[in-house]
2 protein chains.
Amino acid sequence: MPYRAPVEDFQFLFDHVVGLDRVTATDRFAEATPDVTSAILTEAGKLCEEVLAPLQRPGDLHPAKLENGVVRTSPGFAEGYKAIAEGGWVAIAADPEHGGMGLPMTVTTAVNDMMSAACLSLQLSPLMTQGQIEALEHHASDDLKAIYLPKLVSGEWTGTMNLTEAQAGSDVGALSTKAVSNDDGTYAITGQKIYISWGDNDFTPNVCHLVLARLPDAKPGTKGISLFLVPKFIPDETGEPGRANDLKVVSLEHKMGLHGSPTAVMQYDGATGWLVGEEHDGMRAMFTMMNNARLGVGTQGVGVADGAYQHALAYAKDRKQGRSTIQNGTGTIIDHANVRRMLATMKAETFAARAIALTCAAAIDMETATAAPDWAARAAFLTPIAKAFGTYTGISVANMGIQLHGGMGFIEETGAAQYLRDVRVTAIYEGTNGIQAMDLVGRKLMDGGEAAYALLDEIESTAEAARAEHPELAEPVWQATESLREATEWMVAQNDMNNRFAGAVPFLRAFARVLGGHAHLLAAMHDTDGSRARLARFYITRILPEAQAHIAHATAGADDLYALAPEDFAA
Amino acid sequence: MPYRAPVEDFQFLFDHVVGLDRVTATDRFAEATPDVTSAILTEAGKLCEEVLAPLQRPGDLHPAKLENGVVRTSPGFAEGYKAIAEGGWVAIAADPEHGGMGLPMTVTTAVNDMMSAACLSLQLSPLMTQGQIEALEHHASDDLKAIYLPKLVSGEWTGTMNLTEAQAGSDVGALSTKAVSNDDGTYAITGQKIYISWGDNDFTPNVCHLVLARLPDAKPGTKGISLFLVPKFIPDETGEPGRANDLKVVSLEHKMGLHGSPTAVMQYDGATGWLVGEEHDGMRAMFTMMNNARLGVGTQGVGVADGAYQHALAYAKDRKQGRSTIQNGTGTIIDHANVRRMLATMKAETFAARAIALTCAAAIDMETATAAPDWAARAAFLTPIAKAFGTYTGISVANMGIQLHGGMGFIEETGAAQYLRDVRVTAIYEGTNGIQAMDLVGRKLMDGGEAAYALLDEIESTAEAARAEHPELAEPVWQATESLREATEWMVAQNDMNNRFAGAVPFLRAFARVLGGHAHLLAAMHDTDGSRARLARFYITRILPEAQAHIAHATAGADDLYALAPEDFAA
């Protein structure tokens, strides 16, 4: 499975689509000069190509195992993780005060994208650590920061997120894990958590769990949740791992994919934990971690889409089958119109999803650098789109990659199927894509649509600017944006939230389609050799029209859904 | 995994959507009275619910294995197969002269649908046998028929199809397996075939291979292919299995799913075979078998869609999560708008795909009964749509089923993931869905669109008839049909086949959407309790609009695709 890091694509997107220059013009990110960014992309790309990509298949074939209570990771993963940590790639966005490089989230997103493409199951570990670092930087006491952040940022220790319980998944407020004060500044945590990605490993001396739990006097629901840091080994006076905490991995899940990533059921039996943030205020800290992780998971989807695309392309360029139907063809299946249509779809979709993730990251950077409410609103609005559309794209591109391989696609040795099996969970974890869509049409439109309209205005400005040179691209983008504006107005006008929720997923998809059209239009405008304009034409002519169908679905309201009685669903 | 056979749904479709009464009004199918059909559906349904569905998971967990050259099938599969054969379910459409019941393909399709939903990997064996029976009935000598058909129809022996070779997949004409006359009426077959579904088993005393091969004087390409019947054991004078033939299973594939079905690499070393049909005329016989199998594979997709839907519905009706947002809710996640939207999508799509498969089957029956060219043309036109859309629906519904389960969907014990892993291959085998679409816009429009327009005329007549009672359903169906007519006219006008092929897949999908709209409209017109009209409204309002997007994609032509140079695809 050869993988080539798409360094030029990131550079182009930074320069012409997501506006990284605006980010690096701020004091906060002034050190992220083009030279630094370029070196980062090149070095990280090399790690992904040479060290991580070769771990993809062993991770699938030899899943992480639980042996006598100890997690044994897949062959090569310990060395791969060490290479990530030693290269400083776990947390390049972290505060330099704790060993990070303070780089923009935009650059982190590009690095996460490449690591996900190369080996998703291993990349999930640093992604979890990144979320934990973000949460601790914003909400932990200085004492906790001093002990944990340097270890996490360096990758010496790893971090996990413990939210879900058997009866508390999408409804996190239903969780019942208990926390009781030990009257010494620590708390005793008791309960069982499920779906804990990288709940343990055999290559770092400590694993730090962020655990949501309830204090005895907690209100029901999300307002009664507190966040605790619960290490596998309690740091001693020197900050090194000391006595084992009262927690254990009960079992590992047998999953459809992502076999290299141990997904644990964690049991806490009065484990010692430290409060992060205020009592009963755990949801706020959790959202810091979740928002970071949501963009990160969307980026996982983008990376896998690229990996699957490159994998399919290599096959198409090699496979001979049938007579070529064009003059001066290559003699391989890339000459066939339907194969070329599939490849173009995969490439155009991946570009769109990548542009959305990086645009979201740049908005987060601008929020970080300027604290401006407009940037915060944009980052918040784009996060569920980046998460849901990135993962949707990962799944659809990986699925198309299988199809492109014909019969070989169904044979595991080929590797095409693994991309789909691995990436499938990204549409589910860190808030299902349905939850993302409900967040978009609910919370993220609570501003009366202001953040949405600002984006739509910007897209229409781009379309106006492009009209002279690319009329056949600018007009459909402008039209689709206008239709989406009307759909947004319709959404904002719905006071019955079920009318919004009934169309949430198609609304999100329509928004992503239009944002994708915007990215392709910008690409065409800044194209130097014609190839990006050709791809833009493909996307805008053939894929963007889907937005209209999604809008029809999005604005149909809830009445027809609830007219369907539960009995109507009987088989 | 409880499965309930959807007997009432079939009955409704027979009576009001596919016109089974027209089929049973013919002499050929006069014996398929409503009583007979009803008894068949009920009995087959019972087998699927009680015997086959419990084999679904064991087949996945314990794949068929090759041990010392012998295939060992999954636990319970031998007993399951025996129940299928003893119940007479292998080939109910086969000629009564050889032990079949001579029932319509429409009824066979319903039975195949249920068997696929219950246990796809086992059902694939009788499906292969059905194709072989069809090929032998039409093309074999009376001697061969007398020896083989009774054994195949009873299920005592099984049949396979051997087409593909490593360098001859979609391009079957590239195959190189050799056949040399033994000058005694038999031929010596030498070569290697791949992807042979149920290439062997340990529960029948013989396995009969239909093998495509080339005679020494054969022209290159498809015009030089002949078809041979090559049994595992050569029948002795009494017709019972005699000496072992010179063939063997080399290996079994390690696949993404369908683990219970052994997919073999078959080696023929001068194996003894008998010619089926004329020398060099193997493609014609193969198409008899392929067309049958294509509808059968489309039906596999429909069955799995139904299985995945029922599985997800059972979960949704049980799972409590979050506050209900409606009055008088059930308290389960079925109250949530987005969950209900997913379930309605799954049910509406499955109904549409099922209607298309059964409509295709009914056209085949009318062709069989009347030999009328119009029915033959309709059957030929609908076959690629039934295959591609049925399997596409199987994949998309199974994928949505995973999503509906949330985190549980990614855990193998739940069973949701298996539906997707199993059904994924159906979009690939028996001609990839891309090949189906190219067949549709190529060969199947060679009549100048006559068969297509006849279907569109019929849909518009239905829409006119429905206009008074269901104006809000009839109008969008009529409009979508008109748009599709224009797209069909555009296709027919393209002399450069690449213009057709560049839009083949979206054209097929648009056609399926409109046929689905027709089926839902008919369902609404004949609805007795309102539930079918409600589902029709959902489909026509929310899903049918996709046809327009597909049409834009379908009619974009090939220029922009071929403007993309192979270098443009570089990552």
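The values are calculated or read from the model by the stated rules, or taken from the named source; none is laboratory data. Here the structure is a predicted model, which is why all the values come from computation and not from measurement. Cβ placement follows ideal geometry from the backbone for every residue including glycine, while neighbour counts extend to all protein chains displayed. All accessible areas refer to the heavy atoms of the entire protein, side chains included, with ligands and DNA or RNA removed. Shrake-Rupley method; radii C 1.70, N 1.55, O 1.52, S 1.80 Å.
Below 8 Å, C-alpha to C-alpha, sequence gap of six or more: please give me the relative contact order for chain B in percent.
This gives 13 percent for chain B.
Around B:E49, what is the net charge, scoring Lys/Arg as +1 and Asp/Glu as -1 over all other residues with Cβ under 12 Å from its Cβ?
Overall, the nearby charge balance is 0.
Would you mind giving the mean number of other chain beta-carbons within 10 Å of the Cβ of each residue in B:537-549, as a whole number?
Other-chain Cβ atoms within 10 Å of each residue's Cβ, averaged: 5.
Near B:Q403, within a Cβ-to-Cβ distance under 12 Å, what is the net charge of the other residues, with Lys and Arg +1 and Asp and Glu -1?
+2
With axes computed from alpha carbons, what is the tilt in degrees of helix B:471-493 against the longest principal axis of chain B, rounded to the nearest 10 within 0 to 90?
For B:471-493 against chain B, the angle is about 50 degrees.
Provide an ascending nm list, one decimal, of label-point separations from B:D184 to the equivalent residue in each further copy; define each label point as 7 Å from Cα along Cα→Cβ.
So the label point of B:D184 gives 9.2 nm to the other copies.
Where does segment B:208-270 land on Rg(C-alpha)/(2.2 N^0.38 Å)?
Compared with the compact-globule rule of thumb, segment B:208-270 sits at 1.42.
Across segment A:159-282, how many lysine pairs, 8 or more positions apart or on different chains, have C-alpha atoms separated by under 24 Å? Please give the number.
Qualifying lysine pairs in segment A:159-282: 11.
Taking the 0 to 90 degree range and rounding to the nearest ten, how far is the long axis of helix B:142-154 tilted relative to the main principal axis of chain B, both from C-alpha atoms?
The angle comes out at about 50 degrees.
Inter-copy label distances at B:K46, 7 Å along the Cα→beta-carbon direction, one decimal in nm, shortest first?
With the label placed 7 Å along Cα→Cβ, B:K46 yields 7.2 nm.
Let a ≥ b ≥ c be the square roots of the eigenvalues of the Cα gyration tensor of the protein assembly as shown; is it rounded (a/c under 1.5), or, if not, prolate (a/b larger than b/c) or oblate?
prolate
If you project the alpha carbons of segment B:482-547 onto the principal axes, what extent comes out on each, in Å, largest first?
The Cα atoms of segment B:482-547 stretch 50, 16, 12 Å along their principal axes.
7 Å along Cα→Cβ for the label point: how many nanometres lie between A:A570 and each equivalent label in the other copies, listed shortest first?
Result for A:A570, in nm, nearest copy first: 6.3.
With respect to the symmetry axis carrying chain B onto chain A, which residue of chain B exhibits the smallest Cβ distance to that axis, and what is the value in whole Å?
Reported as residue, whole Å: B:A549, 2.
Compute the distance from the alpha-carbon center of segment A:1-59 to that of segment B:241-314, in whole Å.
Centre-to-centre (Cα) distance: 47 Å.
How large, in percent, is the carbon and sulfur part of the accessible surface of segment B:451-566 at a probe radius of 1.4 Å?
50 percent
Measuring from the lowest to the highest alpha carbon on each principal axis, how far does segment A:432-571 reach, largest first, in angstroms?
Principal-axis extents of segment A:432-571 (Cα, largest first): 58, 37, 24 Å.
With every protein chain left in place, what is the accessible area per residue of segment B:441-571 in square angstrom, probe 1.4 Å?
Normalised by residue count, the accessible surface of segment B:441-571 is 36 Å².
So which lysines pass the test for A:K317, namely a Cα distance under 20 Å, with those fewer than 8 places away in the same chain ruled out?
A:K347
Roughly speaking, what is the stretch gain from B:Q267 to B:D457, that is 0.36 nm per residue apart minus the C-alpha to C-alpha distance, in nm to one decimal?
Result for the pair: 63.4 nm of gain on full extension.
Cβ under 11 Å from B:G303's Cβ, B:G303 left aside: what net charge do those residues give with Lys, Arg +1 and Asp, Glu -1?
Value of the local net charge: -2.
Counting only GluC sites (Glu not before Pro) that are in a DSSP loop and have at most 16 other C-beta atoms within 10 Å, tell me the longest site-free stretch of chain B.
The answer is B:280-468.
With bins 20 Å wide starting at 0, give me the P(r) of chain A over every alpha carbon pair, in whole percents.
21, 55, 23, 1, 0
Note the direction-averaged projected area, equal to a quarter of the hull surface, for the Cα convex hull of segment A:7-155, in nm².
9.8 nm²
Taking a ≥ b ≥ c as the square roots of the eigenvalues of the Cα gyration tensor of segment B:158-281, is the shape rounded (a/c under 1.5), prolate (a/b larger than b/c) or oblate?
oblate
How large is ³J(HN,Hα) for each residue in segment A:196-205, as worked out from phi by the Karplus curve 6.51 cos²θ - 1.76 cosθ + 1.60 (θ = phi - 60°), to whole Hz, x for Gly and Pro?
8, 5, 6, x, 7, 8, 10, 10, 10, x
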